[in-house]
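Visitor: Below is the structure I would like to discuss, written out as structure tokens.
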Amino acid sequence: NDAFINFKFFEKSHKYTSKENDNYISITTLLKAMNISPSYAEVNEDILGKAKQYGELIHKEIENWNKEDKLGFTEELDNFIKWVKNNKINIVASEYMVHNSRVAGTIDLIYRENNELVISDIKTTSIVHKESVSWQLSLYRYLLGENIKKATCIHIRPNLYEVVDIPLKSNEECERLINCYFNQEPYEIAILEQQQIQTLIDLQEYI
């Protein structure tokens, strides 16, 4: 499609551009704007910086092994390779960019397991926020345009390797979220869920 000629991602500014559009909204930005992503505003900047460097290192090692069969030096990569081989995982794509005319993102991993296509995100955070990851992977699938029914989060930490099943939202919900963002409207279900979470927090404090 001519609208997507020279589609590129600039890692430093986290911007996606093409010949026709120099201001795609990244899925990361969209989820933050809609208050779906977890906020780390209160976390020390040095800690955040180290966590980001760690995450980037693990992602890069996995990408290099997937694309070039290049070995790294971390135990986290070793655990990923063992999982792939032990479960007969067929890697279909790694760090794969997807987009429409307004929104863009990069899928960490698409793989096939037991003849089933799976879309996956790699997380190196201490906790997996399943609702946020669900939206992230659902939006990726929506932009990819494939009928993928299974999603996972590969949670990698020092001394931890787990594959977490993630439920997917419908394409209709993804469209509604995107339209709410561009129309500067709140996404009602997200607000309701946040209120329910706050109620649980208040209840725990009361108990």
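The values are calculated or read from the model by the stated rules, or taken from the named source; none is laboratory data. Because the structure is a prediction, the values reported are computed rather than measured. Backbone-built Cβ (ideal geometry, glycine too); neighbour counts: all protein chains shown. Side chains are part of the model used for accessible areas, which takes the heavy atoms of the whole protein and leaves out ligands, DNA and RNA. Shrake-Rupley method; radii C 1.70, N 1.55, O 1.52, S 1.80 Å.
Visitor: Percent antiparallel among DSSP beta bridges with both residues in the chain, to the nearest 5?
Guide: Working: 23 of 31 bridges.
So the antiparallel bridges amount to about 75 percent of the total.
Visitor: Right, something else. Tell me, what is the percent relative contact order of the chain, built from C-alpha pairs under 8 Å that lie six or more residues apart?
Guide: The value is 16 percent.
Visitor: Tabulate in residue order the Karplus-calculated ³J(HN,Hα) for segment 171-182, using 6.51 cos²θ - 1.76 cosθ + 1.60 with θ = phi - 60°, rounded to whole Hz; enter x for Gly and Pro.
Guide: 4, 5, 5, 4, 4, 5, 5, 4, 5, 4, 4, 6
Visitor: With all protein chains present, how much of the accessible area of segment 122-180 (probe radius 1.4 Å) comes from carbon and sulfur, to the nearest whole percent?
Guide: Carbon with sulfur: 43 percent of the solvent-accessible area.
Visitor: Quick one: what Rg and Dmax do you get for the chain from the alpha carbons, in Å?
Guide: 17.9, 59
Visitor: Consider all pairwise Cα distances in segment 10-53 and report the whole-number % of them above 17 Å.
Guide: That fraction is 51 percent.
Visitor: From Cα coordinates alone, what are the radius of gyration and Dmax values for segment 1-115 in angstrom?
Guide: For segment 1-115, the Cα-based Rg and Dmax read 16.6, 44 Å.
Visitor: Moving to a separate point now. Using Cα positions and a limit of under 23 Å, work out the lysines in reach of LYS82, with same-chain residues fewer than 8 apart set aside.
Guide: Within the straight-line limit of under 23 Å, LYS82 reaches these lysines: LYS60, LYS67, LYS70, LYS123, LYS150.
Visitor: Follow-up. Please get the size of the charge dipole for segment 55-202, origin at its Cα centre, with Cβ charges of +1 on Lys and Arg and -1 on Asp and Glu, quoted in debye to the nearest 20.
Guide: Its charge dipole is roughly 360 debye.
Visitor: Regarding segment 63-186, what are the three Cα extents along the principal axes, ordered largest first, in Å?
Guide: 46, 29, 23
Visitor: Name the residues whose placed amide hydrogens come within less than 5 Å of the amide hydrogen of ILE107, ignoring near sequence neighbours (fewer than 5 apart) on the same chain.
Guide: TYR96, MET97, VAL98
Visitor: Could you work out the longest stretch of the chain that avoids the GluC sites (Glu not before Pro) located in DSSP loops with at most 14 other Cβ atoms within 10 Å? Could you put the intermediate results ahead of the total?
Guide: Values: sites that count: GLU11, GLU20, GLU42, GLU146.
Between exposed loop sites, the widest span is 43-145.
Visitor: Could you state the number of Å between the C-alpha centres of segment 109-138 and segment 2-45?
Guide: 19
Visitor: So, one more: For LYS149, list the lysines whose Cα falls under 18 Å from its own Cα; do not include residues on the same chain fewer than 8 positions away.
Guide: Here the lysines satisfying the reach criterion relative to LYS149 are LYS130, LYS169.
Visitor: At 222 nm, what value in deg cm²/dmol follows for the chain if DSSP H runs of at least 4 each add -39500 (n - 2.57) and the sum is divided by all its residues, to the nearest 500? The partial results should precede the final answer.
Guide: On the way: 6 runs with 89 residues, N = 207.
Rounded to the nearest 500, the figure is -14000 deg cm²/dmol.
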